[in-house]
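Asks: Sharing a structure with you now.
Bear in mind these aren't lab numbers, they're just calculated from the coordinates by the rules spelled out. These numbers come from a predicted model, not from an experiment. All Cβ positions, glycine included, derive from the backbone under ideal geometry; neighbour counts span all protein chains shown.
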Amino acid sequence: MDKETIFVTGIDTDAGKSYATGFLANIIAGKGRAVMTQKLVQTGNEGRSEDIELHRSIMHLDICHEEYALTAPMIFTYPSSPHLAARVDGREVDIDAIDAAREALEAKYDTLLVEGAGGLMVPLTDRYLTIDYVADRRLDVALVTNAKLGSISHTLLALEAIERRGLNLRYLLYNTHFDTDPVIAPETRNYICRYVAECFPCAEWIEVPSIDLNACR
C-alpha cells in the first residue's frame, strides 16, 4: 500500500481547514487506510493545539494520548502568522523539527494530512513561505474554499499559485458551512466547480458539510 502525504491549505485564514481536515481524514479512513493528521505550525495556543483537538473530535479519536511533539511540533502563543508568532515568543520556526515529526508520522501511517496555518502564501519565516515548504517536499495539495464573498478570487489566486509551482491538486474541499447567501453561494460553488473541472481535471471535488461537534463527542 503506497504511503501518501497531503497538505491541506485554505484560501484564507478562516476557510474551515480544520473541519475539512478532520472530514477528509474520515473519508480516507473509510477506504481502509490508517490516517493521521498534523498541524504544520499552531499559533494562538500554549502547550496544546486546538486544531489537532478539532481533528480528533471529528475523527472520534481520544485526544488524551496525543503526541503533540509529532502532531503539532511547533506551537506559539500569539494568534498570527507563524513568522510573527515566533518572533513574539522569542523563538524560531524550526523547519528541521517539523520535517522530523512529519517523517516519523509518515513511517507509522498510510496517509498523513498536514494542515497549514492560513493560506499558501503565509510566511513561516521572514524568507520562507508555506508554499515553499509544500513545493520543496512535492506534497499533494487539498485546497479548502467556501462561498463567502470574495472566495472566487481567493480560490483562483490559490489555484494559480498551485499551478505555477507545478503542484498536484489532489482535492478541492468546498466547505458548505458558509453557504449563507442564497444568491452568492450557488454561483460561487458552480463557478469554482467548473473552473476546477476544466483546469484541474484530476482533482477530486469533495463537499464538507456543517459539522455538529456535539454529535462528534
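Asks: Most exposed first by the Cβ proxy, i.e. fewest other Cβ within 10 Å, how do Val141, Val88 rank?
Replies: Numbers: Val141 26, Val88 13.
If I rank by nearby Cβ atoms, fewest first, I get Val88, Val141.
Asks: Using a ≥ b ≥ c from the Cα gyration tensor of the chain (square roots of the eigenvalues), is it rounded, prolate or oblate, where a/c under 1.5 gives rounded and otherwise the larger of a/b and b/c decides, a/b for prolate?
Replies: Note, shape of the chain comes out rounded.
Asks: Tell me which of Gly32, Thr43, Ala104 sits at the most positive position along the dipole axis of the chain, charges placed on C-beta atoms (Lys, Arg +1; Asp, Glu -1).
Replies: So the residue we want is Gly32.
Asks: Moving to a separate point now. How would Tyr128, Tyr133 line up from fewest to most surrounding beta-carbon atoms within 10 angstrom? Walk me through the intermediate numbers first.
Replies: Working: Tyr128 15, Tyr133 23.
With the sparsest Cβ surroundings first, the list reads Tyr128, Tyr133.
Asks: Rounded to whole Å and sorted largest first, what semi-axes of the equivalent ellipsoid does the C-alpha gyration tensor of the range 82-171 yield via the square root of 5 times each eigenvalue? Provide the component values of the computation, followed by the final result.
Replies: Details: eigenvalues 106, 71, 29 Å².
Values for the range 82-171, descending: 23, 19, 12 Å.
Asks: Next question. For the range 168-217 and the range 23-83, write down the distance between their C-alpha centroids in whole Å.
Replies: The two parts, judged by their Cα centres, are 22 Å apart.
Asks: Residues in the range 81-96 near a label at Thr125, defined as backbone nitrogen under 16 Å from the 7 Å Cα→Cβ point?
Replies: Only 82-88, 90-96 fall inside the zone, counting backbone N under 16 Å.
Asks: Output the relative contact order of the chain, whole-number percent, from Cα pairs under 8 angstrom with separation of 6+ residues. It would help to have the intermediate numbers written out before the result.
Replies: Numbers: 405 pairs, mean separation 56.1, N = 217.
Rounded, it is 26 percent for the chain.
Asks: So, one more: Report the charge-dipole magnitude of the range 124-199 in Debye, nearest 20, computed about the Cα centre from +1 at each Lys and Arg Cβ and -1 at each Asp and Glu Cβ. It would help to have the intermediate numbers written out before the result.
Replies: Details: 9 positive and 10 negative charges, 36 e Å.
Dipole size: approximately 180 debye.
Asks: Among Thr9, Asn214, Ile52, which residue has its Cα positioned farthest towards the positive end of the charge dipole of the chain, with +1 placed on the Cβ of Lys and Arg, -1 on the Cβ of Asp and Glu, and the dipole taken about the Cα centre?
Replies: Going by the Cα projections, it comes out as Thr9.
Asks: Treating only the Cβ atoms of Lys and Arg (+1) and Asp and Glu (-1) as charged, compute the dipole magnitude of the chain about its Cα centre; round to the nearest 20 debye.
Replies: 240
Asks: Let me ask another. Given points 7 Å out from each Cα along the Cα-Cβ axis, report the Glu187 to Ile27 separation in nanometres with one decimal.
Replies: A separation of 2.7 nm, rounded to one decimal place.
Asks: Hey, what D do you get for the range 3-44 in µm²/s if you plug the Kirkwood alpha-carbon radius into Stokes-Einstein at 20 °C and 1.002 mPa s? Don't skip to the end; give the middle numbers.
Replies: Details: Rh = 11.4 Å.
Roughly 187 µm²/s, to the nearest whole number.
Asks: Now for a different question. By count of other Cβ within 10 Å, fewest leading, how are Asp62, Asp12 ordered?
Replies: Details: Asp62 8, Asp12 18.
Going from least to most buried by this count: Asp62, Asp12.
Asks: Report the calculated FRET efficiency for Arg91 and Glu67 (r = Cβ-Cβ distance, R0 = 35 Å), to the nearest 0.05.
Replies: Efficiency for this residue pair is about 0.95.
Asks: At Glu50 and Arg164, where each label point lies 7 Å from the Cα along Cα→Cβ, what is the point-to-point distance in nanometres?
Replies: According to this spin-label approximation, the distance is 3.2 nm.
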